[in-house]
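A short worksheet on the structure shown next.
The values are calculated or read from the model by the stated rules, or taken from the named source; none is laboratory data. Model, not experiment: these values are computed from the prediction. FYI the Cβ positions are ideal-geometry reconstructions off the backbone, even for glycines, and counts take in every protein chain you see. Protein only, heavy atoms only, side chains kept; ligands, DNA and RNA dropped before computing areas. Shrake-Rupley method; radii C 1.70, N 1.55, O 1.52, S 1.80 Å.
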Amino acid sequence: MTIARLSDLADAAACPRLVVKVGSSLLVGKQGLRRQWIEALVAEIAAARGRGQQVIVVSSGAIALGAAKLGLDKGGRGSLADAQAAAAVGQIALSGLWADLLGLHGLTAAQLLLTLEDLEDRRRYLNATATLTRLLDAGAVPVINENDSVATQEIRFGDNDRLAARVAQAARADAVLLLSDVDGLFDRNPAEAGAKLLSEVRGVTAEVHAMATGGSSSGMGSGGMTSKLQAAEIAELAGIALAIASGLHDAPIARACGEGIGTLFLPRRKAGARKAWLGGRLRLKGALVVDAGAARALGRGSSLLAAGITAVEGEFQRGDAVAVRDAEGHVLAHGLSEYDAAECQRLKGTQSAEHAALLGYAPRSAVVHRDQMVLL
Ligand code: GLU
């Protein structure tokens, strides 16, 4: 059964495994943790469990909460060191609260703090999959955040929207619900007169991106609509539905699923697990720029051959993930390169018959084989 409407997110048959992401501004107010609201949400999570759904929580709020406790300005986001310190202080209180409140419903919380690399590296990603699967099978409720205290700027997700989509992929979840301080995606800036809430989006196209206005409206989290659309792209490629709904209500899951207020991004296609991981990669080691002929061939399902490559960017090794871009800079695909960057430089624009001489060894059949590539 696939997910076709918001109400399916509360249906154990259509959505046996749900990821609920909770934004910072919902968890932390001026007086610290918004305990009552979190209690109500936990009751909804317990109800979902009662319906037979498995639930993973992706909880923001560590930085905002820690900053309040430490008295740091700019919500703890003034510098990397502030954010790291704030997260360390906030996380311990946050996870304690989740554990306590879930415990009141007889549910066991399990904490996972992940870095970007934990989900970018294939081995570590599979490791996270195994842990999450075991926890869910054992009946626990994983509560996940980015490990902000050790993550540096270069290796951060930076927002929990994309983290939630990647976690959903790793956990093979059916849907992600992003609870935020907005009702969903509007066709233009929601502050403008006549702005309309889109209830359903089929494919995150350039037109959909143009509707988003960046920045978090609360100024507390780091997401905003841009990172939510990036999360939707990761999810749709993995065959996972993603919904954005407002958490500014006491029973946000019931409101989104029962009253249908929110935006549902329908899953686009079901890429194989490995291709979904590859397509959702956020940090790539380099890029191969291709000409129009190669771009067309990729669209027809061909492998990427050296003849169509016009430029090679970055330092990458054989087997590293690279982006494939056209001359205008559009990313066409992600794939694993069969050669390192220096070899790609040597081979670009050349015919296969010349490769053995150029390399000094038997060449591979393509620079990126179609089995190791996912079109975006
Ligand atoms: N990981 C951050 C925190 O716990 C939140 C990131 C976000 O705003 O999405 O504070």
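Calculated [222 nm] ellipticity per residue, helices only, for the chain: -11000 deg cm²/dmol; basis is -39500 (n - 2.57) per DSSP H run with n ≥ 4, divided by all residues, nearest 500. Mind pulling the angle between the C-alpha long axis of helix 35-50 and the longest principal axis of the chain? Nearest 10 degrees, somewhere in 0 to 90. With both axes taken from Cα atoms, the answer is about 70 degrees.
For the chain, the longest principal axis of the C-alpha atoms and the axis of helix 122-137 are separated by about 30°. Rounded if a/c is under 1.5, else prolate if a/b is larger than b/c, else oblate: which is the range 230-376, with a ≥ b ≥ c the root eigenvalues of its Cα gyration tensor? Judged from the Cα gyration tensor, the range 230-376 comes out prolate (a/c at least 1.5, a/b above b/c). As a size descriptor, the averaged projected area of the C-alpha convex hull of the range 1-118 was calculated at 8.5 nm².
Sorting the segments 356-364, 81-89 by their mean number of nearby beta carbons within 10 angstrom, highest to lowest, gives 81-89, 356-364.
Per residue, the convex hull around the alpha carbon atoms of the range 43-200 comes to 145 Å³. Counting pairs of Cα atoms in the chain, how many percent are more than 39 Å apart? Above the 39 Å cut-off, the chain has 20 percent of its Cα pairs.
Full extension of the chain between D320 and N127 gives 67.6 nm of extra length, using 0.36 nm per residue less the Cα-Cα distance. Full extension of the chain between T350 and D291 yields a length gain of 20.0 nm, computed as 0.36 nm times the residue separation minus the alpha carbon distance. I need the shape label for the range 4-44. Rule: rounded when a/c is under 1.5, else prolate if a/b > b/c, else oblate, with a, b, c from the alpha carbon gyration tensor. Prolate, since a/c reaches 1.5 and a/b exceeds b/c. For the chain, the longest principal axis of the Cα atoms and the long axis of helix 224-237 meet at an angle of about 60 degrees. Accessible surface area normalised per residue over the range 1-83 is 41 Å², counting heavy atoms of protein chains with a 1.4 Å rolling probe. Net charge dipole, the chain: roughly 580 debye, given to the nearest 20, about the Cα centre with Cβ charges of +1 for Lys and Arg and -1 for Asp and Glu. Ranked by the mean number of other Cβ atoms within 10 Å of their residues, highest first, the peptides 100-107, 306-313 come out as 306-313, 100-107.
Here the translational diffusion coefficient of the range 139-295 follows from Stokes-Einstein with Rh set to the Kirkwood radius across Cα pairs; for 37 °C and 0.692 mPa s it amounts to 197 µm²/s.
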